[in-house]
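The structure appears below as structure tokens.
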Amino acid sequence: MTDETGTSVRDGADGSPVIRLVDVTKTYPGPPEVRALRPCSLAVQPGDYLGIVGPSGSGKSTLLNILGLLDRPTTGVYEFDGVDVAGLTDADRTRLRGSRIGFVFQSFHLLPHRTAVENVELALVYGGGPRAGRREAALRALADVGLDHRAHALPSTLSGGEQQRVAVARALVGSPGVVLCDEPTGNLDSATTERVLDLLDRLNDDGYTLLVITHEEAVAARARRRVRVHDGTLTVDGGTLIVDGGVLLPRGGSAA
Amino acid sequence: MIRSRDLLAEAAAGMLQRPGRSALTMMGTVLGVGTFIAIIGLTSTAGGQISKRFSVLQATQVVVQDAAAAEATRPTLSFPDDAERRLGRLNGVEAAGLHWPLAPAPVLSSRPGAVAEPVSGIEVHAAGPGVFPAAGVRIQAGVSYNTWHDEHHQAVAVLGAVAARKLGISHLENGPAVWIDGSPYTVVGVLDTSERLPGLLMSVLIPPRTALDHFGPPSPEHPAQVLVRTALGAAGTIARQAPLSLRPENPMSLEAQAPPDPRTLRDTVSSDLDVLFLALAGIAVFIGALGIANTTMVAVLERSSEIGLRRALGACRRHIAGQFLLESTGLGLLGGLVGSSLGVVTVVGVAVQRSWTPVLDPVLAVAGPGVGAVVGLLAGAYPALRAASLDPALSLRR
């Protein structure tokens with residue numbers, strides 16, 4: 001089910017989606033009860049680069065948490081690699097998350113007392129793999145994002161763009177296949193934003209499946225396809241709509 | 001899934017992340033465990049001193065003192081002539097000896113008459129024949145005088161080894177004599193050692209009746225006393241019986257001192273030190289536990305985004321709980337280690353200062369860090385559970 005070695009990032013070559021949401025909703029119990037996500041359906045193919053655009057409070061963070069296995073949907077089906085994750089135990093979901101999904105956050109989330117390379121290595125700790133070779137893998141990942149020369153710097157001595165590149169290196173060091181980015185450029189100036197987006201483009205070219213959640217149109221414009229979240233509802237933005245073939249499947253009568 | 005070495009490394013990194021705070025957090029455990037070790041160590045050290053001092057020698061010794069003499073204005077002797085024989089009849093008495101120093105000190109010399117050069121620094125004691133077995137002496141040369149000498153008021157003397165050397169008497173073949181206030185006394189024996197009355201070695205001893213004839217009863221400043229050697233365990237009884245047996249008509253004039261009961265001594269030490277200080281140490285350990293719990297709780301709240309990140313990177317709830325438990329246990333263990341060291345140093349320091357032998361059960365040195373670790377483990381339990389139950393999605397947003 002999972003791709004522990006991470007050698008073939010572009011899996012699912014048979015055309016089956018890596019991520020498939022069917023009528024997923026999320027309601028936070030009140031009072032007052034908050035319906036953060038109305039029935040949403042979505043399919044993401046391996047190697048896809050999907051921009052999820054929406055203003056703050058639209059429900060896109062909720063969507064990201066569900067997609068990242070950090071939260072469970074209230075109703076609906078979520079399949080990852082063709083497996084319904086609702087049937088997985090908490091530990092299984094954690095294992096799946098650790099091995100298949102890389103995260104890039106708006107606020108980087110680097111441990112302040114660890115060097116860049118140690119922060120990258122942390123992503124390999126919970127996989128339970130051998131200690132030997134971790135440092136080398138982390139250094140390779142840093143070299144990938146062009147930061148091998150700052151490997152032993154503390155995050156506080158790095159610029160915002162550099163910190164986010166360290167975070168990207170951490171997201172891809174375990175070769176997860178899917179990288180979830182939550183406002184990856186939200187804390188960066190425009191020049192640095194361009195550099196990080198270029199890096200994401202390259203990751204997608206290398207075969208990573210990318211989901212970028214943002215409120216900035218310019219950032220979403222770099223994605224191959226886009227969906228919009230508004231008031232907890234997913235709508236298509238100029239993409240092809242293929243029912244059950246699984247590129248994108250809006251429901252609930254709210255198609256744009 | 002995570003390797004235990006990795007978990008340990010993560011916990012260690014968490015502790016070292018804020019070394020100052022970790023050190024302060026450990027302080028309560030350091031104080032508590034340190035006090036525990038110090039109290040137990042000092043108690044056992046003091047107890048060791050008591051048992052060392054409280055030897056068999058002491059346990060079998062009763063001293064009967066002339067209580068009436070202390071209030072007397074002229075020289076008196078409250079003991080009867082046959083004091084030694086009366087005490088000897090008591091069941092449990094092995095030997096009894098009456099003795100007192102002659103005061104004012106008579107002039108002592110090893111030669112007669114005008115050519116005499118007084119020898120100073122040597123006391124003359126009246127000592128009954130029972131003193132020799134009671135004090136546990138060893139005769140180096142000659143014999144000790146006996147009851148016959150005493151009852152017949154013989155002018156004989158036994159010398160302590162030091163006194164004999166000072167008087168220039170090295171052997172008894174020629175029948176040497178010492179002159180006390182001008183009168184000759186034949187030296188019949190020389191003492192080598194004296195277990196209970198080491199002062200005898202620096203003295204010239206003459207029979208009591210002879211002493212009474214020539215020098216009168218003992219002065220009120222230096223009253224007579226009887227040294228009694230008893231069978232093991234009989235000392236207390238003998239001390240109660242001795243005054244009655246010696247002076248049935250006025251037992252209050254005599255005062256018998258029994259050795260202290262070792263059990264009473266130990267009880268005193270325990271009740272005085274142990275209870276109070278162990279309670280204080282317990283409070284310190286408890287406060288230490290609260291400190292660790294509080295710091296770990298603060299750390300959990302502070303590091304909630306780190307917890308969220310670790311969950312995102314594949315850490316299960318139990319990994320998170322394990323890490324914080326390890327951190328708090330580590331703090332407790334280190335605190336216990338430092339506290340034990342300080343406790344041991346305190347015990348040794350006090351012992352050195354009082355020239356005691358430090359007595360400390362080595363198990364304690366191991367138990368100290370163990371207690372600290374358990375305290376840390378218990379203190380970290382609640383914060384660790386809180387950390388594990390944090391919602392990763394929520395904590396990542398902070």
In segment B:281-325, anything touching a helix residue (DSSP H, G or I) at 6+ places or on another chain (Cβ under 6 Å), away from every other protein chain (no Cβ under 14 Å) and hydrophobic (A, V, I, L, M, F, W, C) is listed as B:281, B:284, B:285, B:287, B:289, B:292, B:293, B:297, B:300, B:324, B:325
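Residue by residue, here is whether (1) over 19 Å from residue B:2 (Cα atoms); (2) of a type outside the set (D, E, K, R) holds:
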position: A:133; (1), (2): no, yes
position: A:144; (1), (2): yes, no
position: A:178; (1), (2): yes, yes
position: A:184; (1), (2): yes, yes
Scanning segment B:123-148 residue by residue, those surrounded by 19 or more Cβ atoms within 10 Å (Cβ to Cβ) and outside any strand (DSSP E or B) turn out to be B:128, B:129, B:130, B:131, B:132, B:134, B:135, B:144, B:145
Requiring at least 2 residues that are within 37 Å of the chain's Cα centre (by Cα) and at pLDDT 90 or above, the helices (runs of 4 or more DSSP H) wholly within segment B:292-398 are B:317-353, B:362-388
Of the residues in segment B:150-175, those that are crowded, with 20+ Cβ neighbours inside 10 Å and either outside the structural domain of residue B:127 (by TED's automatic domain parsing) or in contact (Cβ under 8 Å) with a residue 60 or more places away in the chain (or both) come to B:150
Within segment B:108-118, can one find any residue that is more than 15 Å from residue B:160 (Cβ to Cβ), outside any strand (DSSP E or B) and among the polar types (S, T, N, Q)? no
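Each row is one residue, and each column tells you yes or no for (1) farther than 25 Å from residue A:210 by Cα; (2) at the interface with chain B (Cβ under 9 Å from one of its Cβ atoms); (3) not hydroxyl-bearing (Ser, Thr, Tyr).
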residue: A:99; (1), (2), (3): no, yes, no
residue: A:108; (1), (2), (3): no, no, yes
residue: A:118; (1), (2), (3): no, yes, yes
residue: A:123; (1), (2), (3): no, yes, yes
residue: A:133; (1), (2), (3): yes, no, yes
residue: A:142; (1), (2), (3): no, no, yes
residue: A:162; (1), (2), (3): no, no, yes
residue: A:165; (1), (2), (3): no, no, yes
query: Is it fair to say residue B:239 is at pLDDT 80 or above, under 26 Å from the mean Cα position of the chain (by Cα), in a helix (DSSP H, G or I) and crowded, with 17+ Cβ neighbours inside 10 Å?
result: yes
request  = Tell me, please, whether a residue that is crowded, with 20+ Cβ neighbours inside 10 Å, within 13 Å of chain B (Cβ to nearest Cβ) and in a helix (DSSP H, G or I) can be found in segment A:85-92.
outcome  = no
Condition set surrounded by 19 or more Cβ atoms within 10 Å (Cβ to Cβ) and closer than 21 Å to residue B:314 by Cβ, scope segment B:368-398, selection farthest from the other protein chains (Cβ to nearest Cβ): answer is B:384
Checking A:76, A:57, A:47 in turn, the sole residue that is closer than 29 Å to residue A:197 by Cβ, surrounded by fewer than 20 Cβ atoms within 10 Å (Cβ to Cβ) and not charged (D, E, K, R) turns out to be A:57
Within segment A:117-155, residues among the aliphatic types (A, V, I, L, M), surrounded by fewer than 21 Cβ atoms within 10 Å (Cβ to Cβ) and either more than 17 Å from residue A:195 (Cβ to Cβ) or more than 23 Å from the chain's Cα centre (by Cα) (or both) come out as A:132, A:137, A:139, A:151, A:153, A:154
- Message: Quick check on residue A:114: is it facing another protein chain (nearest Cβ under 10 Å) and either crowded, with 20+ Cβ neighbours inside 10 Å or of a type in the set (S, T, N, Q) (or both)?
- Response: no
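The values are calculated or read from the model by the stated rules, or taken from the named source; none is laboratory data. This one's a predicted model, so the numbers in the text were calculated from it and none came from an experiment. Positions of Cβ are backbone-derived with ideal geometry, glycine not excepted, and every protein chain shown enters the neighbour counts.
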